[in-house]
1. Sort through B:273, B:279 and tell me the only one that's more than 16 Å from residue B:219 (Cβ to Cβ) and surrounded by fewer than 23 Cβ atoms within 10 Å (Cβ to Cβ).
2. For the structure I just gave you, tell me whether residue A:73 is within 15 Å of ligand 1 (Cβ to nearest atom), within 14 Å of chain B (Cβ to nearest Cβ) and crowded, with 24+ Cβ neighbours inside 10 Å.
3. Select from region A:56-71 the residues that are within 16 Å of ligand 2 (Cβ to nearest atom) and touching a helix residue (DSSP H, G or I) at 6+ places or on another chain (Cβ under 6 Å) and list them in ascending order.
4. Between A:128, A:62, which is at pLDDT 95 or above and away from every other protein chain (no Cβ under 11 Å)?
5. Restricting attention to region B:127-153, which residues are out of contact with any helix residue (DSSP H, G or I) (no Cβ under 6 Å at 6 or more places or on another chain) and in a loop (DSSP other than H, G, I, E, B)?
6. Being closer than 30 Å to residue A:35 by Cα and more than 14 Å from every other protein chain (Cβ to nearest Cβ) narrows it down to one of B:70, B:34, B:40, so name that one.
7. Out of B:508, B:592, B:576, I need the residue that is within 18 Å of residue B:741 (Cβ to Cβ) and at pLDDT 95 or above. Which one?
8. Considering only region B:229-348, give the helices (runs of 4 or more DSSP H) lying wholly within it that have at least 1 residues that are out of contact with any helix residue (DSSP H, G or I) (no Cβ under 8 Å at 6 or more places or on another chain) and within 16 Å of ligand 1 (Cβ to nearest atom).
Ligand code: FES
Ligand code: FES
């Protein structure tokens, strides 16, 4: 099947198998390896991307379901070499260590903030429940998301 | 914040590593683009123990894209040696022969029995599912005491499931005397359940061979490229210099990537055989059985105390679950805790014994803390027991028994020398942070009111030995390698610095911290320092990252190498300024005649002079580049006190973590932001052991919770913010005064939580809760207590 996806602002068109998962489309077909795969049970959130601005686990979506829609991956978040405020906030608050969960975590946070769900610590903790991090213990991620949601990430 | 020295160290400099990780530019193994690479998939035993009677690959070979299926028999001649175990803890230790692919018998669920080679990831997986293996089922043995009875043998040929018994008993009669004369004794059994490390990046391997020259490049998500290179050479009979290992971005390890894995060796063997690149990426479900697990101990601990509550002796016996085979350092893990069962207390009489036991389960090995969380848990739980026995408050018994500041360096009863410590201030501060007095009062009020939401406060003071390790001490423990670390520091012609480190970061921020050390030394910007690592062609000397060693050994090597560069630069400066070197001072990145800023020559200019070599002192070699190998004279001994407040709901058994404070002392802090991050993550892994995580096996040796749906890695929603503070007691044994911090959080947190849970329920007559303290388990304990 033919898909046409507005991928990080550019049109991405490919012939794909109907069973191809979006995450594999992104990584193997489009060559965007920033989106990671951490599990096989849609539990970890490492594969989170934005589909029409809302976060989805790209291991639970077929590439064909993204046809005609807009997908933002971590590669599409920074503009003109400048980190997005949420990315900058993660750096500012040391919200990442090994960085494997980070692309998914940042995109989940961007979506959470856009939905107005990042108002306080409890909301952020609940809102990020679908994204696992084994390194940080979440405290600095939560601080980063609260700050980034206000557009306060110190741009670097 | 505590500055070590200079202007950069001691600050929370934001990490250099972050931009590439935040933008998706970082490359993990599975991200590598390798045109033409074949994919491997492992056929794994679904049985815990079985003879392999037949392997039929017909259907697999008919699967589109599948090129080959290789069995253990067919690959047998690829190995010149079995899988390595680098820690034969006793001379008579039993170590079953273990090849990367099982030949006749599978000994745990997940043991590899065949390998599929295919043109794509999916074809390889489809092929693996189509391989038809016939097993003759053998009995499994899961329980440690059952295994020790030898009712069922894991390895028939060994004649026993006992791998070894290792003893540390400097003076057994003294221990016996202490118990005989004790006013109080306690005896307890604690179970350290098996844990799955669950680094978020599953393992990955990619091998690119150069068939003509014979070189191979192995990309692996490993913590130990240097050790792996030696082992790949030995196991496959490849000259070591032909093997290059690269650990690209690595997504967490926690000890689970401190190993030499079958898949790494299989990929190298097949890449050589096929003459082209091959790759493999682990799936999460596979990771649960194919990557090592942690803990797995039964601990029997006894304490003796006098009438004043001074603890006089500790006696410990441990059964340690090895799993089916000995991986790289499996048998040595309990030894890393063996010296620490007296904890932070001056307990004169000491006896420790550990027996390693084979079971038909995934091998165990290092997981965050490796032996030390177990030790800290046992002594800190037992101290609470002793406090209860005597009728002392838990903080009071600790105060009465702490090793006192003036006793350092402290000659421990287990034979170590503790470098430095001052324990009581960390207890005071931790209790202050959780509002200890207030909590006690509220606890009493709730109990008086008959509330069913029981409040508890728990504490634990830990000490650990890290900074692995003095090579001679490792020799005395039968470990086959040393514990040094290497660093090279270069000043390039343009005055920029380059550091080559033998440590292998996978989240710890070495690029940032090593840059800070060098920036301060030379008075330059940390952004002008480049740190190279994790590639044996770039950094040929190193012993990698584990055991909270990177800063205390590797970072110190960086500091020493930078100092050597500076010393040489001083000679060049003195020569060119025609001054006596003793008359020079190094200020703001430049040498000058003391008190004479006008004479200043910046370090960058000296770097260029060293490069051109036009005007150097007679006999001096050109360039500013120095290599140092630092073999630490001792371990370092970080410590701290953690305190937690929990609420246990009597109706449901649910535990809510209301407050958590950690006051840690890792000596001087190079980057307090990174220290705090290490503590946060470490604390959560310990809390997770206390409350949620356990690899659950049934009696047939099947892992029941292999997926992340069933294995409860904590999410942000279950956790509070932690209150952190620190004290600073520098280590006198290294030039930076630093200690390790990567494992400290994990070592302190599990006993803190369980002490708090038991404290909450103590008025019901409950004295222990087995980890993980799940709601079902706690509810059942409460029901039983009420029925008594
Ligand atoms: S890869 Fe884990 S949720 Fe998608
Ligand atoms: S930073 Fe390593 S898993 Fe989140």
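The values are calculated or read from the model by the stated rules, or taken from the named source; none is laboratory data. Because the structure is a prediction, the values reported are computed rather than measured. Cβ sites come from the backbone with ideal geometry, for glycine too, and all protein chains shown count toward neighbours.
1. Numbers: B:279 fails: more than 16 Å from residue B:219 (Cβ to Cβ).
None of the other options fit; the residue is B:273.
2. Working: within 15 Å of ligand 1 (Cβ to nearest atom): yes; within 14 Å of chain B (Cβ to nearest Cβ): yes; crowded, with 24+ Cβ neighbours inside 10 Å: yes.
The answer is yes for residue A:73.
3. Our first condition is that a residue be within 16 Å of ligand 2 (Cβ to nearest atom); within region A:56-71, this holds for A:57.
Listed by number, the list is empty, since nothing qualifies.
4. Numbers: A:128 fails: away from every other protein chain (no Cβ under 11 Å).
Step by step, each of A:128, A:62 is checked, and only A:62 is at pLDDT 95 or above and away from every other protein chain (no Cβ under 11 Å).
5. Within region B:127-153, the subset out of contact with any helix residue (DSSP H, G or I) (no Cβ under 6 Å at 6 or more places or on another chain) is B:128-129, B:132-140, B:142-153.
Scanning region B:127-153 gives B:138, B:139, B:140, B:142, B:143, B:149, B:150, B:151, B:152, B:153.
6. Details: B:70 fails: closer than 30 Å to residue A:35 by Cα; B:34 fails: more than 14 Å from every other protein chain (Cβ to nearest Cβ).
Among B:70, B:34, B:40, only B:40 is closer than 30 Å to residue A:35 by Cα and more than 14 Å from every other protein chain (Cβ to nearest Cβ).
7. On the way: B:592 fails: within 18 Å of residue B:741 (Cβ to Cβ); B:576 fails: within 18 Å of residue B:741 (Cβ to Cβ).
One residue alone meets the criteria, B:508.
8. On the way: elements: B:262-274, B:284-290, B:333-338.
In region B:229-348, B:284-290 are the helices (runs of 4 or more DSSP H) which contain 1 or more residues that are out of contact with any helix residue (DSSP H, G or I) (no Cβ under 8 Å at 6 or more places or on another chain) and within 16 Å of ligand 1 (Cβ to nearest atom).
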